[in-house]
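Here the structure is laid out as structure tokens; the discussion comes afterwards.
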Amino acid sequence: MSTEKENHTEPEPDPAEEEKQPAIEPEKKTLKDVVLEGLEEKGKGKDFWLWIMFILCITPNIINGFHVSSYVFLSKMPVEYFCVVPALNHKNWSYEQIREIAIPGGLNVSQSCNVYKWDYDKLADLSFEQAKIYLNDKDKPKTASCFDMKEQDDDYAFHYEQEKDASFVPEWNLVCERMAYRSNVQVALSIGKFVGASTFGIISDKYGRKACFNLAAVLYILSGLLTTYSPTYLLLMLGRIGLGFCGSGVFYSLFTLITENTGQKYRSSLSIAYNFSYPVGFLFLAGAAYIFPAWRDLQLALTIPSFLLVIHIIWLVESPRYLISKGKYKKAYKMLYRKKPAPDFLLELQCEKEGVEIVDAPSEKKDVEAKSCNEKIRGWFQELIKLYGPSSLRNKALICHFTWCVTSLTYYMLSLNAENFKANIYVWTGLTGTVDIFGYIVSIFILKFSTRRLSQFTLFVLAGAFLLAVLGVSKDKEIVLLVLAMMSRFCITSVYAIMTLHTAEMFPTEIRNSVLGISSTAAHFGSFFAPYIVDLLGPWAWYIPTTICGTLIVLAGFLILFQPETKHTGLTDHVNEDAKEESDIEMNKKE
């Protein structure tokens, strides 16, 4: 009975249904899908993999914080310096006696670059008292630079009132007309960072994040040693360029590792937390500088921690997402699951590999390479046209370039300006690190409760107001000046985090990286000029650096009001979408 029922109810096989049957079955996951799922699970922080990677990524960047502000301690200006006349010095005149007779302003001037052009051979035959009586009724002669006198007589030299080896300034006479050479030491770091950002970016994309970090770490150690033991000024400059160059390689490779392998839940918070390493480096720098007052000892103390990068070279792993982008699924799978893929997946890889070999014939591959090479320059110009062609994009981009530049200028000016404020450089550096940490933390809450445009406008104007308020404070009120400087620093640090996000949100995906890259370049120009403003203009009038930066920062704040708000808007992918959106806004305004 049951058999008859089964025969009666069993449907006839339908060829059409048989063809549809495979589509109904769940699609089999490829090795790539499995690896991506595994990476997403790892990125959620459910095990120690993410947190170990984060610790390994954030700790090397503390070393970058050492070298960004170490210039303040390595280049301490002597309290007093003046030119020593060899003819008088050989006759055992004291430095005070030489200073009173030979230096314009005598004992009333603490720092002097010039010397009177007396007949010192004749004065050397007299005692100090006799020389004073002899010169009493004579008119003051012309003055000459100590460097000019040194060209005529190599025995001319500067005398510095400073602890032995406390700074590299006396070692290479980086005073007076050679003051710019002192500033160049800090600029060298910025030049290295500028070149390193683009160079290591290419290396990272071509050879991997881990390979990029390994190369940067090894060169970092060598650059630190070169800076420490440099026998000449030129080698000191090369060492500083190397520190900046490798610092960029360490920073960007590790930052990419974090962003690529962190799940969406923690990506924004860990990216901001990554920036905490810089101010932590400032805090360690202040302590190290207090313990090691000699500049070479301090530089060595800052170099020794870079040897710990060997641990990171051993323990850091390549970004699984980078391996996926290069088609190295087997290696990424083994990294995530610590075992080899199943035989089915290995067979799949073999089939894909054979397929690629058939499609990519040698002649076709050469044509593709030739085509890409010929179109590189054209593609670069097309990117610029996309960015600066439409007026709406061009205006937004130019404002971004300006705000990034003046923000970086002000940030570095505040890092280096302790000397002009006559502040304790140990307290100043420690406070900048502490304020930076709070600035980054507060920026997270500001973004939650305020818009991008309003928050930036407020922070820019407040930062500028604090700097301009310096004009109403006398130089002897050091505590008030320190508070104003740190309040401005807090605002600048907070606005920098918000500004980066706002810039990324304003532009379409196809030109977003170009805008960020060019804006970052503009920021480097700000860091180039900061040492010159502090070292060359500050001695003229101690309030000039803060006045210049305060004015520019307030201007940046008002320019932000011309930028669109992006907090509650979606990201666009193409330039034409952005242009259409701007056109719709204009139409609505007219209506």
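Quick rundown of the values:
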| item | result |
| --- | --- |
| Checking Cys176 against (1) more than 30 Å from Ile518 (Cβ to Cβ); (2) touching a His at 6+ places or on another chain (Cβ under 9 Å), the condition it does not meet | (2) |
| So Leu123, is it open to solvent by less than 40 Å² (accessible area, probe 1.4 Å) and of a type outside the set (Ser, Thr, Tyr) | yes |
| Restricting the range 184-201 to residues that are modelled with pLDDT under 90 and in contact with a Cys (Cβ under 9 Å, 6 or more places away or on another chain), the residue that is surrounded by the fewest Cβ atoms within 10 Å (Cβ to Cβ) | Gly201 |
| Failed item, numbered, when Thr256 is tested on (1) closer than 21 Å to Gly433 by Cβ; (2) at pLDDT below 90 | (1) |
| Residue list for the range 215-232, filter: open to solvent by less than 40 Å² (accessible area, probe 1.4 Å), outside any loop (DSSP other than H, G, I, E, B) and of a type outside the set (Val, Ile, Thr) | Ala216, Ala217, Tyr220, Ser223, Gly224 |
| Scope the range 207-250; condition farther than 18 Å from Val317 by Cβ and polar (S, T, N, Q); matching residues | Ser223, Thr227, Thr228, Ser230, Thr232, Ser248 |
| Criterion: at pLDDT 90 or above and touching a Phe, Trp or Tyr at 6+ places or on another chain (Cβ under 6 Å) - qualifying residue of Thr403, Thr434, Thr407 | Thr407 |
| Matching residues in the range 67-90 - criterion: being within 29 Å of Gly249 (Cβ to Cβ), modelled with pLDDT of 90 or more and outside any loop (DSSP other than H, G, I, E, B) | His67, Tyr71, Val72, Phe73, Leu74 |
| Conditions (1) under 29 Å from Val68 (Cα atoms); (2) modelled with pLDDT under 80; number of the one not met by Ser520 | (2) |
| Residues of the range 421-439 classified as of a type in the set (Phe, Trp, Tyr), open to solvent by 20 Å² or more (accessible area, probe 1.4 Å) and closer than 20 Å to Ser408 by Cα, total | 1 |
| Pair list, Cβ under 7 Å, 6 or more apart: the range 48-59 residue within 13 Å of Ala273 (Cα to Cα) and free of Cβ contacts under 8 Å to residues at least 12 places away in the same chain, other residue outside any helix (DSSP H, G or I) and open to solvent by less than 30 Å² (accessible area, probe 1.4 Å) | Trp51/Gly45 |
| Filter result (touching a helix residue (DSSP H, G or I) at 6+ places or on another chain (Cβ under 8 Å) and part of a helix (DSSP H, G or I)) within the range 200-209 | Phe200, Gly201, Ile203, Ser204, Arg209 |
| Matching strands (runs of 3 or more DSSP E) fully within the range 106-183 where at least 1 residues are in contact with a Cys (Cβ under 7 Å, 6 or more places away or on another chain) and free of Cβ contacts under 8 Å to residues at least 60 places away in the same chain | 114-116, 143-145 |
| Lone qualifier among Arg240, Arg209 - being buried (at least 17 other Cβ atoms within 10 Å of the Cβ) and at pLDDT below 90 | Arg209 |
| Of all residues in the range 470-490 being over 27 Å from the mean Cα position of the chain (by Cα) and free of Cβ contacts under 8 Å to residues at least 60 places away in the same chain, the one that is least open to solvent (accessible area, probe 1.4 Å) | Val473 |
| From the options Ile63, Ile101, residue that is surrounded by 20 or more Cβ atoms within 10 Å (Cβ to Cβ), closer than 18 Å to Tyr156 by Cβ and in contact with a helix residue (DSSP H, G or I) (Cβ under 9 Å, 6 or more places away or on another chain) | Ile101 |
| Single condition Ser248 does not satisfy, out of (1) under 27 Å from Thr493 (Cβ atoms); (2) touching a Lys or Arg at 6+ places or on another chain (Cβ under 9 Å); (3) buried (at least 19 other Cβ atoms within 10 Å of the Cβ); (4) touching a residue at least 60 places away in the same chain (Cβ under 8 Å) | (4) |
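Each row is one residue, and each column tells you yes or no for (1) without any contact (Cβ under 8 Å) to a residue 24 or more places away in the chain; (2) under 15 Å from Val68 (Cβ atoms); (3) β-branched (Val, Ile, Thr).
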{"position": "Ile399", "(1), (2), (3)": "no, no, yes"}
{"position": "Val435", "(1), (2), (3)": "no, yes, yes"}
{"position": "Lys448", "(1), (2), (3)": "yes, no, no"}
{"position": "Ala465", "(1), (2), (3)": "no, no, no"}
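So that you can scan it fast, the table gives a plain yes or no per residue for (1) at pLDDT 90 or above; (2) surrounded by 18 or more Cβ atoms within 10 Å (Cβ to Cβ); (3) closer than 30 Å to Phe421 by Cα:
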residue: Val534; (1), (2), (3): yes, yes, yes
residue: Pro539; (1), (2), (3): no, no, yes
residue: Leu552; (1), (2), (3): yes, yes, yes
residue: Leu559; (1), (2), (3): yes, yes, yes
residue: Thr572; (1), (2), (3): no, yes, no
residue: Asp578; (1), (2), (3): no, yes, no
residue: Ile585; (1), (2), (3): no, no, no
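Listed here are the residues, each with its yes/no results for (1) open to solvent by 60 Å² or more (accessible area, probe 1.4 Å); (2) among the β-branched types (Val, Ile, Thr).
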| position | (1), (2) |
| --- | --- |
| Val280 | no, yes |
| Phe284 | yes, no |
| Gly287 | no, no |
| Trp295 | no, no |
| Gln299 | no, no |
| Pro305 | no, no |
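The values are calculated or read from the model by the stated rules, or taken from the named source; none is laboratory data. These figures come from a predicted structure and were not determined experimentally. Positions of Cβ are generated from backbone atoms using ideal geometry, with glycine treated the same way; all protein chains shown enter the neighbour counts. To get the accessible areas, we keep the full protein, side chains included, count just its heavy atoms, and leave off ligands, DNA and RNA. Shrake-Rupley method; radii C 1.70, N 1.55, O 1.52, S 1.80 Å.
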